Structures are given as structure tokens and as C-alpha cells.
Amino acid sequence: MKRIAALAAASVLLLAACSSDDTSTSESTTASSAPDTAPATDPPATDPPATEPAPTTEPAPTTVAAAPEYAATIDELLSLGRPIVLAHTAGEDEFPASTLFAFEESVKAGVDMLDFNVQLTADGVLIVHHDDTVDRPTNGTGAVADLTYAEIAALDNAYWFTADCVCRDQPDDAYLYRGIRTGDKPAPEGYTADDFNVPTFRQVVERFPTIPLNIEIKGSGPLAEAAADVLAAELDELGRGQASVVASFDDAIVDYFHSIAPDVEVSAGLGLLTEWVLNRTPLPEHMRILQLPPEFQGIEVITPELVADSTAAGYPIWVWPNDRALENQAAYLDFLEQGIVGLNINFPAQGVAAVEEFVAGS
């Protein structure tokens, strides 16, 4: 009986841990009707090593440049031979979540992948936004599904962001980016007001044409299926299917998306994750990635045994800490030392630094 109770507790734990990232408050939406688009950010070039002058009596040795350490597709990403860094909602503790400004800054920091959520507006526009309302991060209110693209585009998506929280009880000067969207404050150099609203999916993909994407479809049921339809069509149109992982907490939505876009990588939903964590039930053959929180309410989800078994089965674990106390370079390095190979984190530069430190010490 104790074993059954423990398994039940772990199942509840995993459900709660996953659900805690699926809040019903908001992160607002899209860009103005004619947003400015900055030049795409290309992966950093790798300079070849310097060649020593050759003796005059012998031919100079041939110097071969090192292979670039970035990936443009999911297959390449999983074959890098080192851990990777995902910017969770574009680094939401460091920048206003899911803004083009935040995505750009995350790419500049050197992340391998952009992580974000998608859902549909009332008029069918696929936007990049976490919560099912716009209330939490913006100066607006209302459900995303009830608002049009134009209504959401007008909102300030950095309105409640501070360096410590997205909250409403801070002094006015703590709201670092408030007013840029509305023109009340100048944008940082190289950015515009449109970089501080809620972008559309298309705007993000077109802005960053070479960076792999980790995309969660929010919600469940017909609305989520409709979002999946639009997502599949836009990935195909934009040629980004091989560069994307699509996920949902709802296994039915993952299955639905796979049925309409079988060539796009999908990540296990809550049910399959629970089966692997509790019973080591193998994933379907078309799934390769486990996206998991480390723990919830003091109960470990990611254990040494889980990491060992997942590694042996060929399933890389991408961790999302789900706890600000674990959002720092030391904690990221600890995850890597446990055998975690993907950091889906909120401080992009610290995540990149942790990977560099880990690789240097390996």
C-alpha cells in the first residue's frame, strides 16, 4: 500500500508541477498592425584558429576551421554533443516575457533555442503568449480568446515587469520598460515600441529564421486544436517544421498535432510523462524528448535513477526549473552535473555561462 500511495503522490506531483506553468493569468499579445521587423539574427560565426608561419623549406600546414557550435534543426540540436540552453518564454525573469525585445536579447546571449507558447485570438491570429488572459503582464484585461489581434496588439506587454517579479506593488521606477510600447518612454537603442507588445507567431519566426523553436500549444479541446491547425500551416509555409518541437500538457493535443504534421518533432504530454516517470513506459517511437520540472512540493521528479534510465533509453531531459530559487548559474550547473542536457531557463546569459563552464570542465 505504501508503494501505491507513493506512486499516486508522484503522479499528483507531476500534474501540479506541469500545471503550475500553465497559469490562467496573462502575458498579453501581439504586435501593432505594421510592426517594424529588425534584421534577423544569424548564428555566430566561428573564426578559424590562427596559423603559425610555416618554415620556408616546408609547405604551410593546412588549417581547418572548427565546426560551428549551433544547430538549425532539431536533429542537429540533438547531435551537438553538449547541453543546450532554451530561453524559457524568452528569459522571463530577466526580460519582459515573450516580447521581441526579450527574444532578441536571448539570442544575443547565445541561447540554442527559443521557448514560447501559442494560442489564437478571437479573430484567429496565432500569437505568442503564455496566459489565457492578458491581465498579468499588460495594461489590459480580458481573455485572449475574446480579444481581437488589434486589441491585444495595442497593449503594453512590459507594463508589470520588474527585475524581481511581474507584480503590481512596486514603486513606479521599478517598472523598467513600462511606457515604451505606448511611446511614453524611448525604446533601447536598436529597438522600437513594437518590440514590447505581444508578437504573433509569424513575427517571431520571421525575426529569427535560424534559431530552433520549442512551442507549447496552450489549452485543450477545440480551441487548442484550432491553434494546432494554424501552427502546422504556418510552420509548413515558413519552412520551419524541421527546426521545431511542439508540445502540450494535453496528450490529445500532441497526438492531434502529430496527425496533421507528422514530420514535426513533438514532445510528450502529461500522461506519457507520468507513465515514464512512474513506470518507465517507453514513449511512442516518434517522441524523443522529455521536458520535466525537477521537483514539486519537496518531492523529486528528476532523480538520479530517472536520469540514468532516460539516458539509457535515449531520451534527453530538458528541465524547466519552475522555481526562481533554481534560476541561477550555480543551479543550472548542478542540473548539468546530474546529467540533464537541456536547460529551459529564465536567465539566458547565466544558462549559457553554465554550459560553457560545464563543457570546459568535462
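Take each of the peptides 319-326, 228-235, average the number of other beta-carbon atoms within 10 Å over its residues, and list them starting from the highest.
228-235, 319-326
Computed packing ranks the peptides 179-185, 258-264 as 179-185, 258-264, most packed first, by mean other Cβ atoms within 10 Å. If you add up the charges near VAL204, with Lys and Arg at +1 and Asp and Glu at -1, over every other residue whose beta carbon is less than 13 angstrom from its beta carbon, what do you get? Local charge sum for VAL204: -3. Measuring spread by the Cα atoms of segment 251-291 yields a radius of gyration and Dmax of 10.0, 30 Å. Backbone geometry of segment 191-198 corresponds, through the Karplus equation with coefficients 6.51, -1.76 and 1.60 at θ = phi - 60°, to 3J(HN,Hα) couplings of 10, 10, 4, 5, 7, 10, 9, 8 Hz, x marking Gly and Pro.
Of SER310, SER362, SER106, the sequence from fewest to most neighbouring Cβ atoms within 10 angstrom is SER362, SER310, SER106.
Note on SER248, SER98: ascending count of other Cβ atoms within 10 Å places them as SER248, SER98, the fewest first. Sequence-ordered 3J(HN,Hα) estimates for segment 122-135 from the Karplus curve with 6.51, -1.76 and 1.60 and θ = phi - 60° stand at 4, 9, x, 8, 7, 10, 9, 6, 7, 6, 8, 10, 9, 5 Hz, glycine and proline given as x. Note on segment 75-175: Cα-only Rg and Dmax are 15.3, 47 Å.
Along the Cα-to-C-beta direction of ALA233, a point sits 7 Å from the Cα; which residues of segment 85-126 have their amide N less than 15 Å from that point? The answer is 119-126, whose backbone nitrogens lie closer than 15 Å to the label point.
Modelled spin-label separation between ASP323 and ALA360, with each label point placed 7 Å from Cα along the Cα-to-Cβ direction: 2.8 nm. In order along segment 258-263, the Karplus-derived 3J(HN,Hα) couplings, from 6.51 cos²θ - 1.76 cosθ + 1.60 at θ = phi - 60°, round to 4, 5, 9, 9, x, 8 Hz, and Gly and Pro are given as x. For segment 159-308, give the share of DSSP beta bridges that are antiparallel, in percent and rounded to the nearest 5; count only bridges with both residues there. In segment 159-308, approximately 30 percent of DSSP beta bridges are antiparallel ones. Mind listing the long-range amide H neighbours of MET113? Cut-off is under 5 Å, sequence gap 5 or more, other chains count too, H placed in the peptide plane at 1.01 Å from N. Amide H neighbours of MET113, under 5 Å, 5+ apart: VAL85, ALA87. Between rounded, prolate and oblate, where does segment 165-305 land on the alpha carbon gyration tensor, with a ≥ b ≥ c its root eigenvalues, rounded for a/c under 1.5, else prolate if a/b exceeds b/c? Taking the square roots of the gyration eigenvalues as a ≥ b ≥ c, segment 165-305 is oblate.
The residues packed around ARG280, meaning those with a beta-carbon under 12 Å from its beta-carbon, carry a net charge of -3 if Lys and Arg are +1 and Asp and Glu are -1.
Database remark: amide H of THR133 closer than 5 angstrom to the amide H of SER26, GLU27, VAL144 (H placed geometrically; neighbours at sequence offset of 5 or more, or on other chains; Pro and chain starts carry no H). Take each peptide in 110-121, 200-211, count the other Cβ atoms within 10 Å of every residue, and average; sorted highest first, the result is 110-121, 200-211. Simple spin-label estimate for ARG280 and ALA163 gives 4.7 nm between the two label positions (7 Å along the Cα-to-Cβ direction from each Cα). Look at LEU292, LEU176 and count the other Cβ atoms within 10 Å of each Cβ; fewest to most, that gives LEU176, LEU292.
The distance separating the Cα centre of segment 281-311 from that of segment 130-204 comes to 34 Å. Paramagnetic label reach from ILE260 (point 7 Å along Cα→Cβ; backbone nitrogen cut-off under 15 Å): within segment 127-154, residues 127.
A short reminder: the numbers here are calculations on the coordinates, not readings from a lab. In this text the structure is predicted, and so the values were computed from the model without any measurement. Cβ sites come from the backbone with ideal geometry, for glycine too, and all protein chains shown count toward neighbours.
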